[in-house]
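Nothing in this text is a laboratory measurement; each read-out follows from the coordinates by a stated rule. Keep in mind the model is a prediction, meaning the values are calculated, not measured. Glycine gets a Cβ as well: all are built from the backbone with ideal geometry, and neighbour counts include every protein chain shown.
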Amino acid sequence: MNKLFKIFTVNSLLTPLVSIVLGLIVGAIIMLIGGYDPILAYSSLFSTVFGNLYDFGETIREITPLIMTGLAVAFAFRAGLFNIGAEGQYIVGMTAATAVGIKLTGLPIVLHAIVAIIAGGLAGGIWAGITGYLKAKRGVNEVIISIMLNWTGLYLSNYIVRNFLLLKGQQRSEDIQDTASISIGWLSDMFSDARMHWGTVIAILAAVFFYVFMWKSKQGYELRAVGHNGDAAKYAGMNVKSNIVKAMFISGIFAGLGGAFQVLGVFHYQAIFTGSPGVGFDGIAVALIGMNHPFGILLSAALFGTLTYGSAGMSFGADVPPEIIRIVIGAIIFFIAAQGIVRWVLKPFYLKRKKEKVL
Amino acid sequence: MDWITTIGQLLNTTLVFSTALIFAAMGGIFSERSGVTNIGIEGLMTFGAFAAGVASYYAEDAGMGAASPYIGMLAAIVIGLVASLIHAVASITFKADQVISGVVINFLATGSTLYMVKLMFEGAGETPLLMESLQKWKIPFLSKIPIIGEGIFSNYPTTYLAIIVVIVASYILYKTSFGLRLRAVGEHPSAADTVGVKVRRMRYIGVMISGALAALGGATVTLTTTSTFSHNTISGQGFIAIAAMIFGKWNPLGAFGAAVFFGFSQAIGNYFQLFDWAHDIPQEFIYMLPYVLTVIVLVAAVGRSSAPAALGEPYDPGKR
Amino acid sequence: MDAATPVVELKQITKRFPGIVANDSISLKLHKGEIHALLGENGAGKSTLMNIVFGLYQPDEGSIEVNGKPVIIDSPNQAIELGIGMVHQHFKLVQPFTVTENIVLGMEPKIAGVHLNYRASVAKIKALSDQYGLRVNPNAKIHDISVGMQQRVEILKTLYRGADILIFDEPTAVLTPQEIGELMGIMKRLVAEGKSIILITHKLKEIMQISDTVTIIRRGKVIDTLKTSLTNPNELAEKMVGRSVSFKVDKQPSVPKQTVLNVKNLVSKNKEGIPVLNGLDLQVRAGEILGIAGVDGNGQSELIEALTGLSKVDSGLIEINGKDITNKAPRFISESGVSHIPEDRHKHGLVLDFSMSENMVLETYYKAPYNKGGFLNKSAIDDQAKRLIEQFDVRTPSIETKARALSGGNQQKAIIAREIDKDPDLLIAAQPTRGLDVGAIEFVQKQLVAQRDKGKAVLLISFELDEIINVSDRIAVIYEGQIVGEVRPEDTNDQELGLMMAGSKVAGGKA
């Protein structure tokens, strides 16, 4: 327990916390300029989320995929890779889970869901693995490749849904079979029909897995060594290339699972996308705000999900365009990335404290 | 079917699609040659597309007629300069991770442009349709030449401008003292510093030029293709432009070639229906084409890249 | 101006960095036409002081006068305006640029205020180069010219800016004895043309050879300023280190046994297809130290990379105790009994953001007892780290401290502890004392000799000729990817080695 506490020392938490506050202030200022009432806006945001059980449950539903894509981005980060491709991995994860959920028949209830989840995770892993392989073997920049694979994944998924899984006359697939569903009926009943599912539980377990794997296992040690200093890792006899592929593969599994949960637990079908859903890109923000630590990501996904879900209520209650929340999140990342600004903001407090000690 | 005309049209469409990419890729070059990674090109294009949509609309409203699109382009340059400052401050002054800072630009761009559109146009999701979008110019005499007359010399003024920008960028980078300094700062900042070149100032200038050019690129999409700004006016062009820059080895002429190639792979999709054998190709595969081609090209041609040596590294003169 | 007025005078300069006073009230006078040596160990504060003079750092206290007038030097630009130029130890040259572009950068001849007048630039450089006998090719690209030439470009950079006061920061570190001789000639010519020079170095020989005055600093403080003609190397060494030092490594004659490392006809080509290892042959026997002497860039790095598996060779054979390890993976080679103290400890030797305990098992983490069923055995790792840190006297606040936070000497000690503890048959030590102070250098050299005495084969690669001569039992000279000759340290001297390092084979050829 003591060790767990050490991760959340005051200093490591301070920057994100101050950044969040500064981000909300930036949002408030922009609302003021636009002629809106920021206090009304923020309070309607929070009262939306915490006002009734349905919305609270739906907020948890909103948070779940963000945890997964956040973990995906952070996992790659820890191995020194920038996985901007979580978006595409999330999409192919969805499609694989949908395909298995619809096409695979005759499996018993729990098993079918497990197979569909695994399919989603594997699809995401393989999609990210392509990027990892090209990076390792050919030295191509992983950022560019994964951006290209995001679009490729999007159109590939649309192609699969349109040609093999389509519900006649609709812009979406058929429903998955009930045996593949991971919804939790009794919990949804408790939360006034909010879409609760097992994916949330798995997401939390995934964060624990991330922590144990990265900091307690031999393989995690290798990944971190490669991430911090690839040359030293090579010197030490580690296979840097295979570690890059492994890191991207596991990272992609997280994102792919996130997509699978969304299909199996929330929608029970997959729509044909007109544009990218954005959950993977949001994962970048979640990872950064969570300082690339799995437990930090649980918190930051909760924050991100709350802000995003609440923003609908905000536009309803205070007439503020919900896009303001993206500005707030952008500002939060800005302050976290440019830590100098936060330190500059905090400086007076530190000085004050020192003076008090002298007195 | 008249093949001469078709090839001319294909070339013309290629250049139309390429124009935005060319501007943005040139922008990327100025930023990255100075040593600052700029993944925020996408967001800067979004800002530019937005500014063009809004400013042109108000200019039309004020009765400025055919001059309105040019007001839109000016507005795009201004907003691009301002938005790129955010990236510059974070990554140069505060030494933030440049990739993350670029992500911030992209976040702020999608958020704030739509926020402002809704604010300005009573909750609408896009700017009002422009009446006076840009018209194609036929260059006298030259436009009469077969194929390239139709293909090159009957195009939007922005396309001509883009080509001029490529030439100017090439001249600036390789033939002026400013270019020498800009490249020095991206290759070896402390060498530049010790001979009195202001590293941070050069990088600010590089990033801001990239903001102006990328935004101008975004503006051309609004002014020549969509005639309105909405959430998907800019969807991925910025990233393709970055790919063009890398494929072109951070060289204006190379990036120009790459941008035209990507423009072509987009344009060819529109012409597939002309071929009987192409009817069976699913539309999704045609959409995918530019992205898949980019991957193939990057894997096959570039390999380990010749990026500026100090790209992505904040300059810290006080480091011991 | 009065002839007695110093061209530069530093008055009680103090500069602090977090946790350390780099310069503590340092005063120094440089007179016109003088070569003034600044002597001190690595980390004594020489570079910091000169960076203050050159405007890269600001002093916390003290003042600077140039030609008798107080000045504030807040940027290299300001230093240049005052006529101060610096020849940096790590050349500040833009690799893909030409010589001319590098020199005119920041002060370019222009047409119409924007267009770079390249032709005029070339002409100017040519004239300057001829005036001082530097013989550089203005149109060559930096990555195509030799290190000695690159240094001349650095000198030209300062002259082009009209510098009268030149600071040379460790200028001989990467040069052959012959190139050093040429540099000395250039420096004398500069002084004869009215320039004044500050020479930063830790090499006593050079100081005795060329300087007029020498100022010794230790731990940030001025110990003494002496006329060179009135002192001797022993006195200087004692003042530099603070105690009497012999610089002789204490060791018995070696008793070599069976061959441990056998390298035959090794060929490796770089990306351009040019051979960087060109038929290299080498044997190291148990119980001996083989020193590889050579100028940087003659295949040393490639040889080490080939021996340790970090890069592949095109042909040839590498054997350890008769076992073929050619083009095998680093781990296979490591397990075959090879330890490696890497040239660049930050690049290869340590993961700076790992804790000390994590770093101490960098090559053994996958073995029992550190690995237990795929999980790290933290207590075993910590025990190992504690043992090594104690045994080798690595000064670290705790085993949880990040390697980044340790001094260079302690980082190097930690690496040596880890490598020796692997109990290898062959120990490869590449530049093992670079950047260390005298105490740490002595420690490292003693460890190498101790390993030899335990019957290990030791391969030492170093650019410091003194180190090669003092530590090795046998010296092989590398030139353009080949061993061009072999000598015994007791039978040779700088001059002979220098000639061999420049490519001329000794009479009798390979030993």
If one compares the long axis through the Cα atoms of helix C:378-391 with the longest principal axis of the Cα atoms of chain C, the angle in degrees, nearest 10, works out at 60 degrees
Within 12 Å, Cβ to Cβ, of B:Val117, how many net charges do the neighbouring residues add up to if Lys/Arg are +1 and Asp/Glu are -1?
-2
Normalised radius of gyration for the range B:133-231, please: alpha carbon Rg relative to 2.2 N^0.38 Å, two decimal places.
1.47
Just to be sure I understand the model, the point goes 7 Å from the Cα along the line to the Cβ. What's the resulting C:Gln495 to A:Phe164 distance in nm?
8.2 nm
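Please figure out what share of the DSSP beta bridges in the range C:8-241 is antiparallel and state it in percent, rounded to the nearest 5.
So the antiparallel bridges amount to about 55 percent of the total.
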Over all residues in C:88-98, what is the mean tally of Cβ atoms on other chains that come within 10 Å of each residue's Cβ?
4
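Taking K and R as +1 and D and E as -1, what net charge do the other residues with C-beta under 11 Å from the C-beta of C:Pro275 add up to? Mind showing how you got there, number by number?
Working: positive: C:Lys269; negative: C:Glu272, C:Glu302, C:Asp314, C:Glu480.
So the surrounding residues net to -3.
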Between the range A:254-296 and the range A:130-186, how many Å separate their Cα centres?
12 Å
Considering amide H positions built from the backbone, and no H for Pro or chain starts, which residues 5 or more places from C:Met86, or on another chain, come under 5 Å of its amide H?
C:Ile167
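Need one value for A:269-282: mean number of C-beta atoms belonging to other chains within 10 Å of its residues' C-beta atoms. Walk me through the numbers on the way to the answer.
Details: counts 0, 0, 0, 1, 0, 1, 4, 3, 0, 1, 0, 0, 4, 1.
Partner Cβ neighbours, averaged per residue: 1.
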Which value in Å is the Kirkwood Rh of the protein assembly as shown over different Cα pairs?
33.4 Å
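Output the relative contact order of chain B, whole-number percent, from Cα pairs under 8 angstrom with separation of 6+ residues.
Values: 605 pairs, mean separation 116.1, N = 320.
Result for chain B is 36 percent.
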Taking H as built 1.01 Å from N, whose amide H comes closer than 5 Å to the amide H of A:Arg172, not counting residues under 5 places away?
A:Leu167, A:Ile272
Run the numbers for C:Lys446 and C:Gln252: contour at 0.36 nm per residue of separation, minus the present Cα-Cα distance, in nm.
68.6 nm
Binned at 5 Å from 0, what are the whole-percent values of the Cα-Cα distance distribution for the range C:90-198, short to long?
2, 12, 23, 24, 21, 11, 4, 2, 0, 0
The range B:114-148 versus the range A:300-334: alpha-carbon centroid distance in Å:
32 Å
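When only C-alpha pairs under 8 Å and at least 6 residues apart count, what is the relative contact order of the range A:183-327, in percent? If you can, show how the numbers build up before the last one.
Numbers: 94 pairs, mean separation 27.8, N = 145.
Relative contact order for the range A:183-327 comes out at 19 percent.
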In degrees, nearest 10, the alpha-carbon axis of helix B:199-220 is tilted away from the dominant principal axis of the alpha carbons of chain B by 10 degrees
Theoretical FRET efficiency, 1/(1+(r/R0)^6), r = Cβ-Cβ of C:Ala329 and B:Ile167, R0 60 Å, to 0.05
0.75
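From the helices alone, meaning DSSP H stretches of at least four residues, give me the mean residue ellipticity at 222 nm for chain C, per-run term -39500 (n - 2.57), in deg cm²/dmol to the nearest 500.
Values: 16 runs with 159 residues, N = 511.
The helix contribution divided over chain C gives -9000 deg cm²/dmol.
What is the packing order of peptides C:179-189, C:270-280, A:132-142, taking the mean over residues of other C-beta atoms within 10 Å and listing the highest first? Show your work: numbers first, answer last.
Values: C:179-189: 16.9, C:270-280: 14.8, A:132-142: 20.1.
Averaged packing, sorted descending, gives the order A:132-142, C:179-189, C:270-280.
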What full-extension length gain, to one decimal in nm, is calculated for C:Arg219 and C:Glu65 as 0.36 nm per residue of separation minus the Cα-Cα distance?
53.1 nm
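Run the helix sum for chain A: -39,500 (n - 2.57) per DSSP H stretch of 4+ residues, divided by residue count, reported at 222 nm to the nearest 500 deg cm²/dmol.
Numbers: 16 runs with 270 residues, N = 359.
Result for chain A: -25000 deg cm²/dmol, rounded to the nearest 500.
Over chain C, what per residue volume does the convex hull of the Cα atoms give, in whole Å³? List each step's numbers first, then the result.
Numbers: hull volume 88.8 nm³, N = 511.
For chain C, the hull spanned by Cα atoms encloses 174 Å³ per residue.
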For the range A:62-306: lysine pairs with Cα atoms under 21 Å, gap of 8 or more or different chains, count?
13
Distance (nanometres) between label positions extended 7 Å along Cα→Cβ at A:Phe316 and B:Ile281:
4.6 nm
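For peptide C:104-113, how many partner chain Cβ atoms fall within 10 Å of a residue's Cβ, on average? Mind dumping the intermediate values first?
On the way: counts 3, 13, 12, 4, 5, 1, 3, 2, 1, 2.
Average neighbour count from other chains, rounded to a whole number: 5.
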Hypothetical label at C:Arg243: residues of the range C:28-58 whose amide nitrogen lies under 19 Å (7 Å Cα-Cβ projection):
C:40-44
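What does the charge count near A:Phe191 come to, summing +1 for each Lys or Arg and -1 for each Asp or Glu among other residues with Cβ under 10 Å from its Cβ?
Working: positive: A:Arg61, A:Arg195; negative: A:Asp55, A:Glu58, A:Asp189, A:Asp193.
Local charge sum for A:Phe191: -2.
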Starting from the 7 Å offset along Cα-to-Cβ, what nm value, one decimal, do you get for the label separation of A:Ala271 and C:Gln209?
7.8 nm
Find how much the distance from C:Arg395 to C:Ser311 grows on full extension, using 0.36 nm per residue of separation minus their present alpha carbon separation; answer in nm with one decimal.
26.9 nm
Nearest-ten-degree value, helix C:408-421 long axis tilted from longest Cα axis of chain C:
20 degrees
Residues of the range B:102-132 with backbone nitrogen within less than 19 Å of a virtual label 7 Å along the Cα-to-Cβ line of A:Ile29, please, listed as ranges.
B:104-113, B:115-116
With the calculation restricted to Cα positions, what are the radius of gyration and Dmax of chain B in angstrom?
19.9, 70
